[in-house]
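None of the figures in this text is laboratory data; all of them are computed from the coordinates on show. Computed from a predicted structure; not experimentally measured. Don't worry about glycine lacking a Cβ; one is built from the backbone with ideal geometry, like all the others, and counts go over all protein chains shown.
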Amino acid sequence: MSTTLDPSTASGPHRDASTGAPTRPPGRGWVLAGLGAGLAGIVSVVASTTVDAAYDPANFGDAEAIAAAMGDLVPQVLVFHTATMVSCALLVVFAAGLHRHLQRRTHPDSIVPGVAAIGIVLVCVAQLMGAGLTTEFAFAFAAPEDAYVPETVVFFGHWIGTIPWLWGGIGLTALAMVSATFRQGAFPRWVGWTSLVLGALTTLFLVSPVQYMAGMTGPIWLVVVSAALLRSVRRA
């Protein structure tokens, strides 16, 4: 008597039906990266608001007073820097994972995966640039003698109060997911509606003169959607 072994029930890695290449179920590390990036982004935005020497009405027009006040805010600057760069690094992982995930759930010729990934990359660039000056000034504030011109500190204060808040690119990512949800059925409808509301608002900030306001909506969308994706990946 002979028996036939069904390849689909055999142990070992699954194989792609068309190529025969070994495959494995998609992991959830990229989704956890997105969740972490959103939470770190919230910390970044909140921490930047505590570095407020340049925005304190008591210091308006007085560069030396702003510089002196900023010197007492080095711990807040370091928290801001760390959170921003952690978010930036995790967003790269999330962008790659979301791109692959959308490729699997949308039509082969869809531009949705590319738009979603590029929107996240724009946020990565803003965060990288937004935190780019912090080390320079943190060391200057800790120097035994003044190692900076007060007016440059004023610029630095406004820089970290705006550039790292430029989360507008992720509004494009959210709108790409709206398309994937309602036109291609890739996600639950509540994810689509959430992405539509927060994505439209974030994109509106992107094209408006108050584009830094996207820092209030972009990270929230990322946390909510990452949690939803984590739940769906677990089920899968």
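Checking the a/c ratio against 1.5 first, then a/b against b/c, what shape does the Cα gyration tensor give for segment 98-210?
Prolate, because a/c is 1.5 or more and a/b exceeds b/c.
Candidates 162, 198, 184 compared by Cα position along the dipole of the chain: farthest toward the positive end lies 184, with charges placed on Cβ.
Each residue of segment 66-82 was assigned a 3J(HN,Hα) from its phi angle through the Karplus expression (A = 6.51, B = -1.76, C = 1.60, θ = phi - 60°), giving 5, 5, 5, 5, 5, x, 8, 10, 4, x, 5, 4, 5, 5, 4, 4, 4 Hz with x at Gly and Pro.
Between the entries (i) 19.6, 69; (ii) 22.4, 94; (iii) 17.3, 57, the label attached to Rg and Dmax of the Cα atoms in Å calculated for this structure is (ii).
Each Lys or Arg adds one and each Asp or Glu takes one away; over the other residues whose Cβ falls under 12 Å from the Cβ of residue 158, this sums to -2. Applying the Karplus relation 6.51 cos²θ - 1.76 cosθ + 1.60 with θ = phi - 60° to segment 226-231 yields 3J(HN,Hα) values of 5, 4, 5, 5, 4, 5 Hz, where x marks Gly and Pro.
Residues 207, 149, ranked from the fewest to the most other C-beta atoms within 10 Å, line up as 207, 149. For segment 34-135, the Kirkwood estimate of hydrodynamic radius, built from reciprocal distances between every pair of different alpha carbons, is 15.3 Å.
Each of 148, 55 was scored by other Cβ atoms within 10 Å of its Cβ. Arranged with the fewest first, they read 55, 148. Taking every C-alpha pair closer than 8 Å and separated by at least 6 residues, the mean separation divided by the residue count of segment 80-183 gives a relative contact order of 38 percent.
Using only side-chain charges placed at the Cβ, +1 for Lys and Arg and -1 for Asp and Glu, the dipole size of segment 44-186 relative to its Cα centre rounds to 1320 debye. Computed extension length for residue 147-residue 55: 30.9 nm, one decimal, from 0.36 nm per residue of separation with the Cα-Cα distance subtracted. You can think of it this way: the chain between residue 136 and residue 183 has 12.2 nm of extra reach, that is 0.36 nm per residue less the Cα-Cα gap.
By the helix-only formula, in which each DSSP H run with n ≥ 4 contributes -39500 (n - 2.57) and the sum is divided by residues, the chain has a 222 nm mean residue ellipticity of -22000 deg cm²/dmol.
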